[in-house]
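This report refers to the structure that appears directly beneath it.
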Amino acid sequence: MATTFCLINQKGGCGKSSTCMHLAGAFAELGMSVLLVDMDPQGSLSQGFLGSEMVESLPSLQTTATLFDENSFFASHDALLIPTPFERITLCPANQTLARFNAPEPEKTGMVQFALREFLADQHEFDIVLIDCPPNLYRCSWTAMIAADYAMIPVPPEDFGTQGLRAVHQCVRQARKLNPKLSRIEHLITRCDHRLLVHRMYEQKLRALYGKTVLDTIIPEASAFKVALTRRRPVQLHQPRSKAAKLTLSLAREILERISMDECKRKVA
Ligand SMILES: Nc1ncnc2c1ncn2[C@@H]1O[C@H](COP(=O)(O)OP(=O)(O)O)[C@@H](O)[C@H]1O
Ligand SMILES: [Mg+2]
């Protein structure tokens, strides 16, 4: 069974899509088979791998929009699984066709809120699933939370980055009522510049407030991430010796450790 993470935060620009892309490279490097699911109508993650022209021209049937479409609700969604140029990384892309389904008040949307969970339950060949969410807590993020084992919240350590975290936590608690296995929240400090006093202070504040739910590994602000993105490659596969790649690999390892510790705890309980 794959372990599924949804990357959520109602803030844009905090690193959700980048984290999905680069972490996928790190997990693949560690020999794991990764499924990336783009649930953001902006399709940034998909464009990161496939380029904007290709992504914009994809028909709805080949995007995650098809999961919400009543006409294809019971159809096979195999066309959604698009191989990337990289071994062990598969992508379910998204584009603007998803926008009309991303309505507010997602908990009022009936069975469709389970559509992503049902789809993922049929995908047996993956070890890790990373779901990239839009910068709001509407239906796309909600269905991702209903489908996930973990909610990962990327947080830049500064005022704008940390605003709105309580709303995200509350939404996770709500989703847990429908998906009790959404057991853990992980906060990931991203886009951090340790030369800045304000970033160091916010890191301490986040650790004091959220304790062990804050991952030890910190992802720095680094040009290697941006350069790799322009080459449409996860940093691990573009500049494996860069500090950015090494830290992303540490993050992947830390996440795997946490997963296996949780599994041990579950077995003991
Ligand atoms: N750690 C980082 N270092 C440098 N640039 C980053 C980093 N994380 C994200 N970015 C850049 O910031 C922008 C927004 O990041 P993105 O992952 O798209 O955020 P989100 O998906 O949360 O909206 C992108 O241009 C991305 O390349
Ligand atoms: Mg994004």
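The values are calculated or read from the model by the stated rules, or taken from the named source; none is laboratory data. Because the structure is a prediction, the values reported are computed rather than measured. Every residue, glycine as well, gets a Cβ built from its backbone with ideal geometry; the counts of neighbours run over all protein chains shown. Note: areas computed on protein heavy atoms with side chains; ligands, DNA, RNA excluded. Shrake-Rupley method; radii C 1.70, N 1.55, O 1.52, S 1.80 Å.
General remarks:
- Taken together, the residues in region 150-174 that are buried (at least 20 other Cβ atoms within 10 Å of the Cβ) and part of a loop (DSSP other than H, G, I, E, B) amount to 2.
- Neighbours by Cβ (under 8 Å, 6+ apart or cross-chain): first from region 164-182, within 12 Å of C6 (Cβ to Cβ); second surrounded by 11 or more Cβ atoms within 10 Å (Cβ to Cβ) and basic (K, R): N179/R117; L182/R176
- Within region 44-55, at least one residue is surrounded by fewer than 24 Cβ atoms within 10 Å (Cβ to Cβ), under 24 Å from I185 (Cα atoms) and either within 16 Å of ligand 2 (Cβ to nearest atom) or aliphatic (A, V, I, L, M) (or both).
- Screening A147 on (1) aliphatic (A, V, I, L, M); (2) away from ligand 1 (no atom under 13 Å from the Cβ); (3) over 18 Å from A103 (Cα atoms) shows it passes everything except condition (3).
- Annotation note: Cβ proximity below 7 Å between a residue of region 44-55 that is within 19 Å of C14 (Cβ to Cβ) and a residue that is more than 13 Å from ligand 1 (Cβ to nearest atom) (sequence gap 6+ or interchain) occurs for S46/V55; S46/L91; S46/P93; S46/N95; Q47/V55.
- For beta carbons closer than 7 Å, sequence separation of 6+ or different chains, a first residue in region 126-151 that is closer than 14 Å to F27 by Cβ and a second that is part of a loop (DSSP other than H, G, I, E, B) and open to solvent by 10 Å² or more (accessible area, probe 1.4 Å), the qualifying pairs are F126/A2; F126/S33; D127/A2; D127/M32; D127/S33; I128/A2; I128/M32; V129/A2.
- Residue check, R88 more than 21 Å from G13 (Cα to Cα) and modelled with pLDDT of 95 or more: yes
- Within region 12-42, the set of residues being open to solvent by less than 10 Å² (accessible area, probe 1.4 Å), closer than 18 Å to K226 by Cβ and either touching a Cys at 6+ places or on another chain (Cβ under 7 Å) or part of a loop (DSSP other than H, G, I, E, B) (or both) comprises just one member, C14.
- Within region 213-238, the set of residues being outside any helix (DSSP H, G or I) and away from ligand 1 (no atom under 13 Å from the Cβ) comprises V214, L215, D216.
- Only one entry in I8, I82, I89 is surrounded by fewer than 21 Cβ atoms within 10 Å (Cβ to Cβ) and of a type in the set (V, I, T), namely I82.
- Residues within region 175-212 that are open to solvent by 40 Å² or more (accessible area, probe 1.4 Å) and either in a loop (DSSP other than H, G, I, E, B) or of a type in the set (S, T, N, Q) (or both), tallied: 8
- Just one of the listed residues (R232, R241, R207) is at pLDDT 95 or above, over 17 Å from the mean Cα position of the chain (by Cα) and within 16 Å of ligand 2 (Cβ to nearest atom), and it is R232.
Condition check ((1) open to solvent by 50 Å² or more (accessible area, probe 1.4 Å); (2) more than 16 Å from ligand 1 (Cβ to nearest atom); (3) in a helix (DSSP H, G or I)) across all residues:
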position: A99; (1), (2), (3): no, no, yes
position: P104; (1), (2), (3): yes, yes, no
position: A115; (1), (2), (3): no, yes, yes
position: L120; (1), (2), (3): no, yes, yes
position: F126; (1), (2), (3): no, yes, no
position: P134; (1), (2), (3): no, no, no
